[in-house]
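One structure below.
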Amino acid sequence: MTLPLRTPRLELRAYTADDAAFVRDLYARPEVQRYLGDGTRRVTTIAQAEEKIRGWDEGYARQPVLGVWAIVDPVGSLAGTLLLKPIPDSGADTATDVEIGWHLHPRAWGRGYATESARAVLAHAFGRGLDRVVAVTHPANRASQAVCARLGMTHRGLSRAYYDVECELFELRAPAAPEREAS
């Protein structure tokens, strides 16, 4: 289940059927899709958007940590998507890896929403026992690489371990638990 989260400026919540027009608009845009997969898979109808939302809801209904969050900006408008999900491997024995990713509407670019919402989701994930998260970006996606850097992720270089394509790989491990003083 995608648990609701808050940051100082943003609300992160599960998508609902009422969000279908936004999901269609977001995932139909070439400037959003250009670094996702082969860049051609567009959501062009409300029915496709509703199906996407249903898939997210069903896929994470029994997941206490993973999910797909709608990012709601300070004035209550939808700004984008934050994902924490299993990452498809390329036969590299990485089937248990979890990725974080973000897809923001162009009107929300440059406002720090990706970094702020990713920090909240990472704190949520690490606080519930996840010990490692990866992010992959298209090699030309400098904006997402900058988000990875702001999150403190370690750049691991080019990798073909996921999605059967070459991506820039980033990794973040959970902070070490503070050691207890001996009593």
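The values are calculated or read from the model by the stated rules, or taken from the named source; none is laboratory data. Here the structure is a predicted model, which means the values were calculated and not measured. Methodologically, a virtual Cβ is constructed for each residue, glycine included, from the backbone with ideal geometry; neighbour enumeration extends over all protein chains shown. To get the accessible areas, we keep the full protein, side chains included, count just its heavy atoms, and leave off ligands, DNA and RNA. Shrake-Rupley method; radii C 1.70, N 1.55, O 1.52, S 1.80 Å.
Quick notes on this one:
- Rounded to the nearest whole Hz, the Karplus-based 3J(HN,Hα) values (6.51 cos²θ - 1.76 cosθ + 1.60, θ = phi - 60°) of the stretch 6-11 follow the sequence 9, 10, x, 10, 10, 10, with x at glycine and proline.
- Residue with peak Gaussian network fluctuation, the chain [Cα springs, cutoff 10 Å], from G91, G59, G80: G91
- At least 18 Å along the helix axis (C-alpha) and Kyte average at least -0.5, DSSP helices within the chain: 113-127
- Close amide H pairs (under 5 Å, H built 1.01 Å from N) link D97 with I87, residues at least 5 positions away or on another chain.
- Annotation note: GluC sites (Glu not before Pro) in the stretch 117-179 located in DSSP loop regions with a Cβ neighbour count of at most 13 within 10 Å are E179.
- Taking amide H positions as modeled 1.01 Å from N, with prolines and chain starts lacking one, no residue 5 or more places away or on another chain lies under 5 Å from L36.
- Accessible area per residue for the chain is 55 Å², calculated with a 1.4 Å probe on protein heavy atoms, without ligands, DNA or RNA.
- Structure-derived Cα extents along the principal axes in Å - corresponding label in (1) 49, 43, 36; (2) 60, 35, 32; (3) 92, 32, 25: (2)
- Here each label is just a point 7 Å from Cα along the line to Cβ, and for S90 and V165 those points are 1.1 nm apart.
- Under Karplus coefficients 6.51, -1.76 and 1.60, residue-wise ³J(HN,Hα) of the stretch 83-91 in Hz, glycine/proline x: 10, 9, 8, x, 9, x, 8, 10, x
- Accessible surface of the chain, 1.4 Å probe, proportion on carbon and sulfur as whole %: 50 percent
- Selected from T40, A135, A120, residue furthest toward positive end of dipole (the chain; charges at beta carbon): A120
- For the stretch 32-125, the gyration tensor built on C-alpha atoms gives a rounded shape. Its axis ratio a/c (a ≥ b ≥ c) stays under 1.5.
- 3J(HN,Hα) from dihedral phi, the stretch 159-166, Karplus parametrisation 6.51/-1.76/1.60, rounded to Hz, x for glycine, proline: 8, 10, 6, 10, 6, 6, 9, 7
- Stretchable slack from R119 to I46, in nm (0.36 nm times residue separation minus alpha-carbon distance): 23.2 nm
- V43, V75, reordered so the largest accessible area comes first (probe 1.4 Å): V75, V43
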